[in-house]
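S.K.: If you scroll down you'll find the structure; I have some questions about it.
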Amino acid sequence: MLVYLKLGVAAVAVVGMTALGATTATAQSNILKAETSNPGAEAHAMTVVLAKIFKQKLGISTQVNDSQTLTRSAMKLGRGQIDWMPLPPHIYFFMTKGAKMYKKKLSKAAPEAAKNIRAVFSYSAVLFHSVTFANNGIKTWADIKGKRVFTGPPSGSAGTNAEAMIKVITGYSPNKDYTAIRLPWGSGLQAMMDGKLDVYVRPAAPGSAQIQQLGLSKKIRLLNAGDAVQTPEWKKWGSTPGRVTGVIPAGSYTGQVNSNESITTGGAIFQMAVRKDMSADLVYNMTKTLWANLDDIHKTAVTLKTIKAETPFQGMLTPLHPGAVKYYREKGLKIPARLIPPEAK
């Protein structure tokens with residue numbers, strides 16, 4: 001699905017699927033191309049909100065191709081087929097190594113593509129919500145043995161992270177101790193609502209409408225990692241770039257039977273990433289504009305309140321774009337040496 005922010009139109013118009021061309025838009029045409037995840041996801045909200053602000057403040061329109069698998073979008077970014085996207089650091093990490101989802105067919109191409117990606121900012125975006133209906137007898141992670149667990153889309157990084165997290169918490173292996181179901185996000189949610197799944201694992205910001213949708217249909221329970229986050233195995237899980245530990249506050253969802261309980265779980269960082277050869281002036285202006293309008297970003301989407309000016313490099317692995325480096329230096333922020341690219345030194 002293509003979301004296009006038209007010149008002079010504040011509202012977002014949704015039109016049919018459009019194939020992206022082999023060459024990306026340029027600053028001269030004032031149209032940029034971005035890809036993001038499905039509507040309702042935090043990455044989608046971030047992309048659409050920033051695109052709207054860039055249009056209003058800079059006069060730059062963005063074609064946003066949504067409902068995409070970000071591991072594939074990252075390859076497009078590295079190949080110059082799109083201009084920017086929300087990029088989890090662990091995807092970039094796997095690209096640089098030609099590992100995980102890139103291992104079979106893209107082991108050589110992924111590291112080359114990664115060289116052409118730069119970052120603008122990062123933030124703690126999502127926590128893994130592991131949801132089960134209260135009437136199915138699953139009360140703890142130990143109870144998922146032999147059950148059907150949705151872990152994410154095929155070939156996506158969310159499923160890899162979720163299954164690794166489950167392994168740490170329970171010792172269970174996917175498709176051995178439980179059935180790991182991989183479906184597109186929308187299909188996974190529908191399958192859960194139709195009773196075809198026992199557990200639905202979804203990375204989302206606390207208060208997510210996607211999770212609340214389940215709580216409005218039936219009573220739900222969120223599974224708690226608890227003391228598992230204190231183990232050496234969890235520390236190793238969290239050593240992968242972009243993975244974090246967080247807490248879903250008590251009372252986050254209507255219909256949650258354990259709503260008095262704070263849920264400890266894993267989570268993920270997101271970065272706004274751009275192509276390396278994007279104009280330094282353009283990226284500088286985009287960086288300056290997004291931070292100057294942070295209050296409006298927070299008001300537009302409650303799930304984006306984790307974007308904080310105090311921590312623009314949180315969990316960041318991708319080197320910064322020179323345009324972003326220029327802005328942060330002007331603001332007097334200390335930039336970690338590992339994030340300064342060769343072209344900005």
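Coordinate-derived values only; no laboratory data. Since this is a predicted model, take the numbers as computed values, not measurements. Glycine gets a Cβ as well: all are built from the backbone with ideal geometry, and neighbour counts include every protein chain shown.
S.K.: Between residue 107 and residue 309, how many nm apart are label points set 7 Å from Cα along the C-beta direction?
M.R.: Output for this residue pair reads 4.7 nm.
S.K.: List every residue whose amide H lies under 5 Å from the amide H of residue 129, counting only residues 5 or more places away in sequence or on a different chain, with H placed 1.01 Å from N in the peptide plane.
M.R.: Amide H to amide H, under 5 Å and 5 or more residues apart or across chains, residue 129 pairs with 202, 204.
S.K.: Another question, then. In terms of the Cα gyration tensor, with a ≥ b ≥ c the square roots of its eigenvalues, is segment 27-142 rounded because a/c is under 1.5, prolate because a/b exceeds b/c, or oblate?
M.R.: Verdict is oblate for segment 27-142.
S.K.: Also: Using label points projected 7 Å from each Cα along Cα→Cβ, tell me how many nm separate residue 333 and residue 99, to one decimal.
M.R.: Each label point is offset 7 Å from its Cα along the Cβ direction, giving 2.7 nm.
S.K.: Related question: Using unit Cβ charges (K, R positive; D, E negative) and no other charged atoms, how large, in debye to the nearest 20, is the dipole of the chain about its Cα centre?
M.R.: My answer is approximately 700 debye.
S.K.: Compute the Cα gyration tensor for segment 118-235, then decide on rounded, prolate or oblate, letting a ≥ b ≥ c be the square roots of its eigenvalues: rounded whenever a/c is under 1.5, prolate when a/b is larger than b/c in the other cases, and oblate in all that remain.
M.R.: In terms of gyration-tensor shape, rounded.
S.K.: Then there is this: Name the shape class, rounded, prolate or oblate, that the alpha-carbon gyration tensor gives for segment 266-345, where a ≥ b ≥ c are the square roots of its eigenvalues, rounded holds for a/c under 1.5, and otherwise prolate holds if a/b is larger than b/c and oblate otherwise.
M.R.: Since a/c reaches 1.5 and a/b is larger than b/c, the shape of segment 266-345 is classed as prolate.
S.K.: Scaled to the compact-protein estimate 2.2 N^0.38 Å, what is the alpha-carbon radius of gyration of the chain, rounded to two decimal places?
M.R.: Relative to the rule-of-thumb radius for its length, the chain sits at 0.98.
S.K.: For segment 26-105 and segment 240-302, what is the separation of their C-alpha centers, rounded to whole Å?
M.R.: Taking the Cα centre of each part, segment 26-105 and segment 240-302 sit 15 Å apart.
S.K.: Calculate how steeply helix 280-292 sits against the longest principal axis of the alpha-carbon atoms of the chain, using the helix alpha-carbon long axis, and give the answer as 0 to 90 degrees to the nearest 10.
M.R.: On a 0 to 90 degree scale, this one is about 50.
S.K.: Would you mind ranking 291, 141 so that the residue whose beta carbon has the fewest other beta carbons within 10 Å leads the list?
M.R.: If I rank by nearby Cβ atoms, fewest first, I get 291, 141.
S.K.: If amide H atoms are built 1.01 Å from N in the plane of the peptide, which residues on other chains or at least 5 residues away come under 5 Å of the amide H of residue 262?
M.R.: So residue 262 has HN proximity to 250.
S.K.: Which pairs in the list 108/345; 33/167; 76/218; 97/345; 147/218 are over 30 Å apart, alpha-carbon to alpha-carbon?
M.R.: With Cα atoms farther than 30 Å apart: 33/167; 76/218.
S.K.: Can you compute the charge dipole magnitude of segment 244-345 about its Cα centre, using +1 on each Lys and Arg Cβ and -1 on each Asp and Glu Cβ, nothing else charged? Give it in debye, rounded to the nearest 20.
M.R.: Roughly 320 debye, rounded to the nearest 20.
S.K.: Taking the Cα centre of segment 126-268 as origin and charging only Cβ (+1 Lys, Arg; -1 Asp, Glu), how large is the dipole, in debye to the nearest 20?
M.R.: Here segment 126-268 has a charge dipole of around 180 debye.
S.K.: Express in nm, to one decimal, how much length is gained between residue 300 and residue 233 on full extension, taking 0.36 nm for each residue of separation and deducting their alpha carbon distance.
M.R.: 20.3 nm
S.K.: With a 10 Å radius around each residue's Cβ, average the other Cβ atoms per peptide and rank 213-226, 34-47, highest first.
M.R.: 34-47, 213-226
S.K.: I've got another one for you. Of all DSSP beta bridges in the chain, what percent run antiparallel (nearest 5)?
M.R.: Looking only at bridges with both residues in the chain, the antiparallel portion is about 70 percent.
S.K.: Using the Karplus curve 6.51 cos²θ - 1.76 cosθ + 1.60 with θ = phi - 60°, what ³J(HN,Hα) values do you get for each residue of segment 318-328, in whole Hz, with x for Gly and Pro?
M.R.: Result, ordered by residue: 6, x, 6, 6, x, x, 6, 4, 4, 5, 5 Hz.
S.K.: So how far apart, in nm, are the two label points at residue 115 and residue 134 if each is 7 Å from Cα heading toward Cβ?
M.R.: It works out to 5.6 nm between the two label points.
S.K.: Using R₀ = 30 Å, calculate the FRET efficiency as 1/(1 + (r/R₀)^6) where r is the Cβ-Cβ separation of residue 148 and residue 281; round to 0.05.
M.R.: Calculated transfer efficiency: 0.05.
S.K.: Could you give me the ³J(HN,Hα) list for segment 293-301, computed from phi with Karplus coefficients 6.51, -1.76, 1.60 and θ = phi - 60°, whole Hz, x at Gly and Pro?
M.R.: 10, 4, 4, 5, 4, 5, 6, 6, 9
S.K.: For the Cα atoms of the chain, what angle does the longest principal axis make with the long axis of helix 42-58, in degrees from 0 to 90, nearest 10?
M.R.: Once rounded, one gets 20 degrees.
S.K.: Run lengths n ≥ 4 of DSSP H only: what is the helix-derived mean residue ellipticity at 222 nm for the chain, with -39500 (n - 2.57) per run over all residues, to the nearest 500?
M.R.: Taking each H run of at least 4 residues, the total per residue is -9000 deg cm²/dmol.
S.K.: Report, ordered by chain and residue number, the aspartates and glutamates lying within cross-link reach of residue 334, taken as a straight Cα distance under 16 Å and ignoring same-chain residues fewer than 8 apart.
M.R.: Correct list for residue 334: 310.
S.K.: What is the chain's relative contact order, in percent, from Cα pairs under 8 angstrom and six or more apart in sequence?
M.R.: Result for the chain is 21 percent.
S.K.: Also, I was wondering about something else. At a 10 Å Cβ-Cβ cut-off, how would you order 298, 129, fewest neighbours first?
M.R.: Neighbour counts put them in this order, fewest first: 298, 129.
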